[in-house]
Amino acid sequence: MLFIRLVGICMLVALTSTQLLAITAEELEKAASKGKTVFMLVTEPNAGGIEQAREMVNASSKQVKKSTVIQLDRADAANSALVVKYRLTGAPLPLIMVLAGNGAIAGGIPAANTTVEQLVKWVPTAKKAEVLKAVQDGQSVLITAASKGMLKETSVSSACAAACGQMQGKCTSIKINLDDDDELPFLNELKISPQSKEPVTVVINAQGQVTGSFAGGVEVGNLVQAATKKAGGCCPSGGASSSSCGPTKK
């Protein structure tokens, strides 16, 4: 009877362990489905400073609405796909990553090198999250900022649509309302004045680099040329991520 009871306990432990292995991926999917920002703490057994890092992500999450904290054990074989996706193999631990509500990587940095204030600052606006996601999916992005009813807005939108059409699915067009105060941090990052009297279009190539900026009307050819051009630097900026301008392209 004792043997049977011990076997039962062992089977329960094994089953529980198997269920726990899948928790990280499931939690990430659940958070993305609900549009939640994720503060992800990447650890492994015997890594130092985990408790301090955990306190930091918890404090960060408390300052951001619709956010959650998820811990990823890099040494867990069940997380190998996530380790590859986020390029975590050689990253110093504990590492903290910030994922936007749509799952895009907003930043990642060793816990010892950041602060709660910095982590909260990395949480992107809704439109920046769209841009990050597009770039991380291997697309160029045409960002047009305009106020409702602004002259040339329709012609600019048409030009962006035509340019993306010529790039055969390797481009996406995203609009930002100049009057949306929530997008002000992203507009400042793109060096677009909210007081602009005409549409402003910023082009980001598939490597996450700003390759063009146009005020007023734009020509399709110029947009395509800028979207396929390579330049220095990364944008939109995120954290000191091990993934540079973005994670492994799909």
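All of the numbers you see were taken from the coordinates with simple rules; none came from a lab. All figures in this text were calculated on a predicted structure; none of them were measured in a lab. Every residue, glycine as well, gets a Cβ built from its backbone with ideal geometry; the counts of neighbours run over all protein chains shown.
Semi-axes, largest first, in whole Å: what does sqrt of 5 times each Cα gyration tensor eigenvalue give for segment 126-227?
Semi-axes (√(5λ), whole Å): 19, 16, 11.
Please work out how much length the chain gains when fully extended from Ser213 to Asp182, using 0.36 nm per residue of separation minus the C-alpha to C-alpha distance, in nm with one decimal.
9.0 nm
Considering amide H positions built from the backbone, and no H for Pro or chain starts, which residues 5 or more places from Arg74, or on another chain, come under 5 Å of its amide H?
For Arg74, the qualifying residues are Thr43, Glu44.
Go ahead and collect, in residue order, the members of segment 78-110 whose backbone nitrogen is under 13 Å from a label point 7 Å along the Cα-Cβ direction of Val64.
Backbone N within reach: 96-109.
Which value, in debye to the nearest 20, gives the size of the charge dipole of segment 153-228 about its Cα centre, when Lys and Arg are +1 and Asp and Glu are -1 at the Cβ?
Rounded to the nearest 20 debye, it is 400 debye.
Within 15 Å, Cβ to Cβ, of Asp179, how many net charges do the neighbouring residues add up to if Lys/Arg are +1 and Asp/Glu are -1?
Local net charge: -2.
Return the sequence-ordered ³J(HN,Hα) values of segment 36-48 in whole Hz as given by the Karplus equation 6.51 cos²θ - 1.76 cosθ + 1.60 applied to θ = phi - 60°, using x for Gly and Pro.
Values, residue by residue: 8, 5, 10, 9, 9, 9, 9, 9, 7, x, 6, 6, x Hz.
I need the phi-derived Karplus couplings for segment 63-69: 6.51 cos²θ - 1.76 cosθ + 1.60, θ = phi - 60°, integer Hz, Gly and Pro marked x.
8, 10, 5, 6, 9, 8, 10
Can you put Phe39, Phe186 in order, fewest other beta carbons within 10 Å first?
Going from sparsest to densest Cβ surroundings: Phe186, Phe39.
What is the set of long-range amide H partners of Gln209 at a cut-off below 5 Å, with H atoms built 1.01 Å from backbone N?
Distant-sequence amide H within range of Gln209: Cys235.
Step through the residues of segment 85-97 one at a time and calculate ³J(HN,Hα) from phi using the Karplus curve (6.51 cos²θ - 1.76 cosθ + 1.60, θ = phi - 60°), rounding each to whole Hz and writing x for Gly and Pro.
3J(HN,Hα) across segment 85-97, in whole Hz: 4, 9, 6, 9, 3, x, 5, x, 10, x, 10, 10, 10.
Write down the Kirkwood hydrodynamic radius of segment 25-156, to one decimal in angstroms, obtained as one divided by the mean of 1/r over all alpha carbon pairs.
Across segment 25-156, the inverse of the average 1/r is 15.9 Å.
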